[in-house]
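The values are calculated or read from the model by the stated rules, or taken from the named source; none is laboratory data. In this text, all values refer to a predicted model and were calculated from it rather than measured experimentally. Neighbour counts are summed over all protein chains in view; Cβ atoms, including those assigned to glycine, are modelled from backbone coordinates with ideal geometry. The area values use the complete protein model at the heavy-atom level, side chains included, leaving out ligands, DNA and RNA. Shrake-Rupley method; radii C 1.70, N 1.55, O 1.52, S 1.80 Å.
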Amino acid sequence: MKKSALILGASLILTTTACGGNSAPTTTTNTGGTPVAQKTGGDRFNTIKNRGQLICGVSGEVPGFSFVGTDGKYSGIDVDICRAVAAALFDNPDAVEFRNLNAKERFTALQTGEVDILSRNTTWTLSRATSVGLEFAPVVFYDGQAIMVRKSSGIKSLADLKNKAICVQTGTTTEQNLADQMRKRNITYKPVVFEDVNITFATYAEGRCDAITADRSALVSRGTTLPKPEDNQILPEVISSEPLAPAVAKGDSKWGDTVKWVVYSLVKAEELGINSQNLAQFANSTDPDVKRFLGTEGNLGQGLGLPNDFAARVIKHVGNYAEVYDRNLGPKTKLNLARGQNQLWSKGGLLYSPPFR
């Protein structure tokens, strides 16, 4: 019996050690050799708060979404999502460190905890939400894949691409979508694949590919950087649906909820007609929806571990969704992308926020 008691006691100790929720976080090393905390399934929110800064993974190479200017400053809709999260957390949209990630390394960086959030024109797919272990926030841009060709090529449709060379970035949904659609149409083609998006577009610009494929927004964005943008055109066919959304590592619901409701706050503010310019006018509103949203009534923020006025912080520093869109992609920008399906649901689009109640 003494022997049994000893075995039982040892088993309990091992079980407690293996399953304890208060184990210290492990560390890994990023590409620069700096130790970074890995996710432990519940402490990401507190880690960020204690650090006093958000670490955001972006592309840094797609104008309108995330791009580094000659002054070293980041801009784009993906960048503004991270700035909005920082505003909610710290009342400071600049409390963000941006890290450029290519398509191949982006998921590993999130899984290992090198970045807190991935805001990098990433398509929400079933496999990424399951086997890859990502938890997606609401879609911030509804897109679709298309193909760009030179106007002088005479190519007018997908059928004209038979036996043609098509540049495509590997490690993306783009590569698989192209293969699926060409197989479906029984069109043979020559894929020319690269891991680096810059090399992919440079190869097309050099004339070594007859066409290039990517999300339509990326083609518009990257097209502005080609030597002669006016010499290229995007074919009318849209060959996939690409809901682009920020993501966090699965396993920390508190952190995931924070990112989700910050994104929703951008949409809800536009629904309520609140923006960065008229925010002060709503401070004394008697509308219960507005009062709850801005935190002057109720305690919605507490459920997220945020101050009750977290949405007001976001709108004050970053604006509502319309302001974010117009600033980066709208008619006054070089890209001039029509909002289309990225309009509010009340205007025929797909954007919709759950109630703030």
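General remarks:
- Set G256, G303: member being among the small types (G, A, S), under 21 Å from the mean Cα position of the chain (by Cα) and within 20 Å of P354 (Cβ to Cβ): G256
- Any hit, the range 65-82, residues being surrounded by 15 or more Cβ atoms within 10 Å (Cβ to Cβ), at pLDDT 95 or above, within 30 Å of R216 (Cα to Cα) and charged (D, E, K, R): yes
- Picking from residues in the range 259-277 that are among the polar types (S, T, N, Q) and in a loop (DSSP other than H, G, I, E, B), the one that is farthest from the chain's Cα centre (by Cα) is Q277.
Yes or no, residue by residue, for (1) at pLDDT below 95; (2) small (G, A, S):
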{"position": "G256", "(1), (2)": "no, yes"}
{"position": "Y264", "(1), (2)": "no, no"}
{"position": "L279", "(1), (2)": "no, no"}
{"position": "N284", "(1), (2)": "yes, no"}
{"position": "F293", "(1), (2)": "no, no"}
{"position": "L306", "(1), (2)": "no, no"}
{"position": "R313", "(1), (2)": "no, no"}
{"position": "G319", "(1), (2)": "no, yes"}
{"position": "L350", "(1), (2)": "no, no"}
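- Test: residue in the range 104-117 that is surrounded by fewer than 21 Cβ atoms within 10 Å (Cβ to Cβ), modelled with pLDDT under 95, assigned to a loop (DSSP other than H, G, I, E, B) and not hydroxyl-bearing (S, T, Y): yes
- Note on the range 152-192: residues that are open to solvent by 70 Å² or more (accessible area, probe 1.4 Å) and within 24 Å of the chain's Cα centre (by Cα) total 1.
- Members of the range 261-275 found to be more than 20 Å from Q341 (Cβ to Cβ) and either open to solvent by less than 30 Å² (accessible area, probe 1.4 Å) or touching a residue at least 12 places away in the same chain (Cβ under 8 Å) (or both), listed by number: W261, V262, S265, L272, I274, N275
- Meets criteria (part of a strand (DSSP E or B) and of a type in the set (A, V, I, L, M)) for V248: yes
- Filter result for the condition that a residue is surrounded by fewer than 12 Cβ atoms within 10 Å (Cβ to Cβ) and in a helix (DSSP H, G or I), over A280, A312: A280
- Taken over the range 220-235, the criterion of being surrounded by fewer than 23 Cβ atoms within 10 Å (Cβ to Cβ), in contact (Cβ under 8 Å) with a residue 60 or more places away in the chain and either within 13 Å of D143 (Cα to Cα) or not charged (D, E, K, R) (or both) is satisfied by V220, G223, T224, T225, N232, Q233, I234, L235.
- From the list V139, V132, the one residue that fits, being surrounded by fewer than 17 Cβ atoms within 10 Å (Cβ to Cβ) and within 30 Å of W345 (Cβ to Cβ), is V132.
- Of all residues making up the range 217-232, the number that are under 18 Å from G171 (Cα atoms) and modelled with pLDDT under 95: 1
- Residue that is in a loop (DSSP other than H, G, I, E, B), under 23 Å from A86 (Cα atoms) and open to solvent by 70 Å² or more (accessible area, probe 1.4 Å), where the choices are T296, T286: T296
- Enumeration of residues in the range 315-345 that are in a helix (DSSP H, G or I) and of a type in the set (S, T, N, Q): N328, Q341, N342
- Going through (1) of a type in the set (A, V, I, L, M); (2) assigned to a helix (DSSP H, G or I); (3) within 30 Å of V267 (Cβ to Cβ) one by one, V139 falls short only on (2).
- For the range 83-98, the set of residues classified as open to solvent by less than 40 Å² (accessible area, probe 1.4 Å), in contact (Cβ under 8 Å) with a residue 60 or more places away in the chain and not β-branched (V, I, T) consists of A84, A87, A88, L89, P93, listed by residue number.
- Hits in the range 299-309 (condition: buried (at least 16 other Cβ atoms within 10 Å of the Cβ) and part of a helix (DSSP H, G or I)): L300, G301, L304
- If you filter the range 204-216 down to residues that are touching a strand residue (DSSP E or B) at 6+ places or on another chain (Cβ under 9 Å) and either modelled with pLDDT under 95 or not small (G, A, S) (or both), you find that the one that is most open to solvent (accessible area, probe 1.4 Å) is R208.
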